[in-house]
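Where a number appears in this text, it was derived from the coordinates with a stated rule and is not lab data. Not measured: the values here are computed from a predicted model. With ideal geometry, Cβ positions are generated from the backbone for all residues, glycine too; neighbour counts draw on all protein chains shown.
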Amino acid sequence: MQKFNNPCIKTGDFARLCGTNKRTLFHYDEIGLFSPAYTDEKGYRYYSENQCDVFFTITCLKELGMPLKEIREYISHRDPADIRRLLEEQQKKVAAELEQLSRIQTVIDTKLSLLARAEELEDVTDLSEVFLETCEEEEFLVLSDPLYSNDHDRIFSVLCSHIASCSQAHLNSGHPYGAMMPVSSLREGDCETYAYFFTKTKLPPEKIPRHIDVHRKEAGTYAAVYLRGDYYASEEAFRTLLEYVDRQGLLTGEFVYKEAVLDELSAREEDYLTRISVRCRN
């Protein structure tokens, strides 16, 4: 057999160079996917160093889930147009997977941040004191359809629709959904009227579908109280919050925001932690 002209290395050395093993190289040779540059009269395989790029590309396509048979068809034809189409298809697939991984990373970061805040408030057993907290940057809240209702069937229907809409558009950044309560209703003792449900997102408004409403929750000072236990047993929390801002002579925004810090993902119901806050200014 004619010896290959380019410098060659043994199978084991080539395997180490490419981060694989000899068994994989033997298998690829057997199925006609990737063969050595030269095989001597004793059957020993030798590979050229310039085959590393081909092997690397095969490995990448395999990790993307492409069947070896399909990879072999492209490799065997060695047609630039076909390879371009293949790589462009895989490029789109990789971009989609990277976007999904980025969303997952955001959710993980959010959950860790919420857990850290909960640890700071682990001494809260029922209702905390009122804190004045600074929100450094405005937040974007994806809104449900408007409610301004205390009808439970209507509330539940809008909530389900909101959750589905956020899920389909991949808008959830890891924050549990929250609720916006009209301050005017709360001041009249009505703790059952919801204005909107919301889901906090990390996406800027221009990346959110146009048919979905976004509320810009402005940066600044918020009076906040934390409730331990039942998310819905919040009448005292609302009253405590508004009494505090009145004593301090503060003006409030239009809505009180009610959002979970610890929910069913990370705690038993008696250990749930809810943040109830309102924008305030002198």
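Compared with the dominant principal axis of the Cα atoms in the chain, helix 52-63 is inclined by about 40°.
Pairs from the table (Lys93/Lys200; Lys93/Lys202; Lys42/Lys69; Lys111/Lys202; Lys10/Lys42) lying more than 21 angstrom apart at Cα are Lys93/Lys200; Lys93/Lys202; Lys42/Lys69.
Relative to the longest principal axis of the Cα atoms of the chain, the long axis of helix 68-77 lies at roughly 50 degrees. Using alpha carbons only, how many degrees (0 to 90, rounded to 10) separate the axis of helix 80-120 from the longest principal axis of the chain? In the chain, helix 80-120 runs at an angle near 40 degrees to the longest axis. Which shape class, rounded, prolate or oblate, goes with the stretch 146-225 when its Cα gyration tensor gives a ≥ b ≥ c as root eigenvalues, a/c under 1.5 marks rounded, and past that a/b bigger than b/c marks prolate? The shape class here is oblate.
Taken over the stretch 1-152, the convex hull of the Cα atoms encloses 287 Å³ per residue.
Can you sort Phe156, Phe34 so the residue with the fewest Cβ neighbours within 10 Å comes first? Before the final figure, lay out the partial values.
Working: Phe156 10, Phe34 20.
Lowest count first: Phe156, Phe34.
Checking every one of the trypsin sites (Lys or Arg not before Pro) in the stretch 174-282 against DSSP loop status and a limit of 15 other Cβ atoms within 10 Å picks out Arg210, Arg268.
On the basis of the beta-carbon distance and an R0 of 30 Å, Arg84 and Asp109 show a calculated FRET efficiency of 0.20.
Pull out a ≥ b ≥ c, the square roots of the eigenvalues of the alpha-carbon gyration tensor of the stretch 91-164, then state rounded if a/c is under 1.5, prolate if not and a/b is larger than b/c, and oblate in the remaining case. Don't jump to the answer; show the numbers that get you there.
Working: a/c = 2.29, a/b = 1.16, b/c = 1.97.
Taking the square roots of the gyration eigenvalues as a ≥ b ≥ c, the stretch 91-164 is oblate.
For the chain, the residue among Phe26, Thr59, Leu265 whose Cα projects farthest onto the positive side of the dipole built from Cβ charges is Phe26. With only the Cα atoms considered, the chain has a convex hull volume of 196 Å³ per residue. Measuring nothing but how far apart in sequence close Cα pairs (under 8 Å, 6+ apart) lie, relative to its length, the stretch 8-78 scores a relative contact order of 32 percent. Taking one equal scatterer on every alpha-carbon of the stretch 174-282, how large is log10 of I(q)/I(0) by Debye at q = 0.13, 0.14 1/Å? After summing over all Cα pairs, the log10 values are -0.52, -0.60.
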